There are 2 protein chains.
Amino acid sequence: MFGLNVQRLRREKGLSQEQLSFAAGRTRAYISSVEAGRRNATLDTLEVLATALDVEPKDLITATAPKRHT
Amino acid sequence: MFGLNVQRLRREKGLSQEQLSFAAGRTRAYISSVEAGRRNATLDTLEVLATALDVEPKDLITATAPKRHT
């Protein structure tokens, strides 16, 4: 869920993995592995990514309601 | 904040560190270090502790409003 939230929010903000990695002080490969769910990220990384995405940390670990197509 | 939330919720549930460590599959020393803020816990640990405390993971990383003394 965490990885999918990072990817969704990154895309919503129009950021590339490169841009997010720069803002979060992580490598692009690290961002890619987080989004692919291959990382057991730490709470520090959760905080750093939330700040870089300008969201609350809880937003990255909470399931989002599916968008209803109206 | 995470450690303080774990400690507060553990105490609210009347659990000792030993009991929480047993429920979470971690050592008592680990729980003690988390509560003391000496651990950069991972999201897996956040999930395990939330389950053991019967709360949502976001409850462990969200600042709580100070209880008003009525």
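Listed values, structure above:
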| item | result |
| --- | --- |
| Of the criteria (1) under 16 Å from B:R11 (Cα atoms); (2) modelled with pLDDT under 95, which one B:G37 fails | (1) |
| Answer from A:A41, A:A52, A:A29, A:A23 - the residue that is under 12 Å from B:L43 (Cβ atoms) and either within 14 Å of chain B (Cβ to nearest Cβ) or aliphatic (A, V, I, L, M) (or both) | A:A41 |
| Of the criteria (1) within 14 Å of chain B (Cβ to nearest Cβ); (2) over 12 Å from the mean Cα position of the chain (by Cα), which one A:I61 fails | (2) |
| Residues of segment B:1-20 satisfying the condition of being polar (S, T, N, Q) and within 23 Å of A:L46 (Cβ to Cβ) | B:N5, B:Q7 |
| Residue in segment A:30-43 that is part of a helix (DSSP H, G or I) and loosely packed, with under 14 Cβ neighbours inside 10 Å present | no |
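Conditions tested, residue by residue: (1) outside any helix (DSSP H, G or I); (2) buried (at least 19 other Cβ atoms within 10 Å of the Cβ).
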position: A:L15; (1), (2): yes, no
position: A:L20; (1), (2): no, yes
position: A:A23; (1), (2): no, no
position: A:V48; (1), (2): no, no
position: A:T64; (1), (2): yes, no
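The values are calculated or read from the model by the stated rules, or taken from the named source; none is laboratory data. Just so it is clear, the model here is predicted, and its values are computed rather than measured. Note that we place each Cβ from the backbone using ideal geometry, even for glycine, and neighbour counts take in every protein chain shown.
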